Every structure is written in C-alpha cells, then in structure tokens.
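Taking it in order: structure first as structure tokens, then the write-up.
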Amino acid sequence: MTAEGAQGVLYVVGTPIGNLEDITYRAVRILGEVDLVAAEDTRSARTLLARYNLRCRTMSYFTGNEARRAAELLKQLQDGARVALISESGMPGVSDPGERLIRRCVEAGVRVEVVPGPSAAVAALVASGLPTAPFAFVGFLPRAGAARRKALEQLRIEPGAVVLYESPRRVGATLADLLEGLGDRPAALARELTKLHEEVVRDSLAGLAERYRDAPPRGEVTLVIGPAADAAQLPAEALEQEIRDRLAAGQSARQIADALAVYGKRAVYQRALALQRALP
C-alpha cells in the first residue's frame, strides 16, 4: 500500500535466464517490497517469486498488451505506486517488452531504477572465446526481405563481434544467411545458458551452418559471430573516411565497392554513391 503523496518508482529488474539462483539480493528485496510486478509471463514470474517465498501482486505485460498496459502502469506510478518490471528472463527492454513503459516514465518524470541481472547476450559473448570488444548486439534479425538484407549488409562492416538471438527452428536458415552475407568467420552457438543442458558449440559459420542445417538445436539460442579478419582494424568511422579519400582520388563508386568488398560490396557502393552526390 502506497503512502499518499509518495513518489512512484519503476524498478526495471533483471531476472535469471535459466538458473533461478542467478538473482541478486537486491532484486529479491525489491520484488518483495513493490506494490505490483508487471511480468512478461506471469507463470514464470510466479515460479520465480515462489522460489524466494515472495507474495506479490502480478500483472501481465507482454508485446500484445504493452501499449495499453504502459498507460495503466504510468497512471499508477504517477499516483505513487512502486512497480517492478520483469521479462520472462533477462533484462526488460532488451529484445523483450519494456522499452515503451521506460520511455513514457522518463518523459513523464517518473523515477526509473535499473536492477541489473543476467544477460544471455553477454554470457554467450564471454563463453564464445571470441574477441569481446567492441561488439554489436542486434537482438533478432528481420525475418525476410529487404530489411533482412539491409541488416546483413550493416553487420558485414561491424568492426567487432556480433551477438544475436534466434528461434531454434530458424537457426539453420539464419546461419546460412550469415555465411552468405558476412563470409565465413569464427562463431559460436550458445543454447540453454545457465540451465542443465547448457552447451556452447564453437566452430566457423560454415561449420555451424552445416551442423544445424537439418537438425535444429533445442532450447533458447544465442549466436556470436567473430569479426572479419581485417574488419577489427577498420571501424565504421575509418571505413567512411576511406570511401571519402577514394572519392577524392577520383575513384568511382563501383571501383570503391570492388576494392572494399569485404565490408559489404552493396553497402559500400550505396554509401559511396550517397557521398558522391553530396560532393560540391
């Protein structure tokens, strides 16, 4: 029960990605003190709360009702409620519902506190054995079409490792697309992180694509793709400058794309064209 005139607080609470022991003392305390827990999956939330003997009122907050619930929760927070936002696992707002409510709270001046917790992306990156800095987290790739092609072109010029999530049933197709779009690179597939059947398979993209082409892995999957051999030496800003320098030297967009094809021939060509048009 909130006191009249009290300031509402939204606690964005990271929860275990598998092993229920992976929760902080602070997270347990906060979950036991709030007026309401807004949960992506109320069933998994009740399992977690029961594990730590917490009796909290829960409300569903998932992609399908996020817009409506965000408005309801903002009103309660403005009235002084203390609300914990949790996803099914990991950190709300990172490939999970939460971003909309957090943004609305920030815009309305409602206090937001983040209670850090486990992250499948970071756990997989560390376990992969690949270079960890810099790295790009992209969540889920677009399913198909031009948006997917554009995303793959952008990933090709990322200077570091790439971390992404994928559904087990789509892993084979995604690995094949990554191999075609990025070229063969060292990679790792992590599944069921922190759970009983945790597994990290380290191989090349070609090897992983072959392994999972007709045999989808089981459980939650995180993919980590290492940087191209020379991409780590040429950050995006440096690539941009390289294109500008070549244009200044009189090279055509087609010549530049051919010369810098390792960074994504089509993406380099389009950027060179755009820069060329902007020249005085």
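The values are calculated or read from the model by the stated rules, or taken from the named source; none is laboratory data. Please read all numbers here as calculations on a predicted model, not as lab measurements. Cβ atoms come from the backbone with ideal geometry, glycine included; neighbour counts cover every protein chain shown.
Brief remarks follow.
- Restricting T63, T58 to residues that are under 25 Å from the mean Cα position of the chain (by Cα) and surrounded by fewer than 18 Cβ atoms within 10 Å (Cβ to Cβ) narrows the list to T63.
- Unmet criterion (only one of (1) at pLDDT below 90; (2) buried (at least 19 other Cβ atoms within 10 Å of the Cβ); (3) outside any helix (DSSP H, G or I)) for L239: (3)
- Qualifying positions in region 123-150 - assigned to a helix (DSSP H, G or I) and surrounded by fewer than 16 Cβ atoms within 10 Å (Cβ to Cβ): V126, G145, A146, A147, R148, R149, K150
- Residue in region 93-122 that is farthest from the chain's Cα centre (by Cα), counting only those that are within 20 Å of A6 (Cα to Cα) and not aliphatic (A, V, I, L, M): G109
- Hey, L74 touching a strand residue (DSSP E or B) at 6+ places or on another chain (Cβ under 7 Å) and either under 20 Å from C105 (Cβ atoms) or outside any loop (DSSP other than H, G, I, E, B) (or both) or not: no
- Here the condition is being modelled with pLDDT of 85 or more and either under 17 Å from A228 (Cα atoms) or surrounded by 15 or more Cβ atoms within 10 Å (Cβ to Cβ) (or both); of A272, A257, it holds for A272 alone.
- Number of positions in region 78-122 that are buried (at least 20 other Cβ atoms within 10 Å of the Cβ) and in a strand (DSSP E or B): 7
- Here A39 qualifies as aliphatic (A, V, I, L, M) and either modelled with pLDDT of 95 or more or surrounded by 14 or more Cβ atoms within 10 Å (Cβ to Cβ) (or both).
- Here I23 meets the list (1) touching a residue at least 40 places away in the same chain (Cβ under 8 Å); (2) out of contact with any Ser or Thr (no Cβ under 7 Å at 6 or more places or on another chain) almost entirely, failing just condition (2).
- Taking region 90-116 as the range and being closer than 17 Å to L77 by Cα and touching a residue at least 60 places away in the same chain (Cβ under 8 Å) as the test, the residues that pass are G98, L101, I102, C105, V110, R111, V112, E113, V114.
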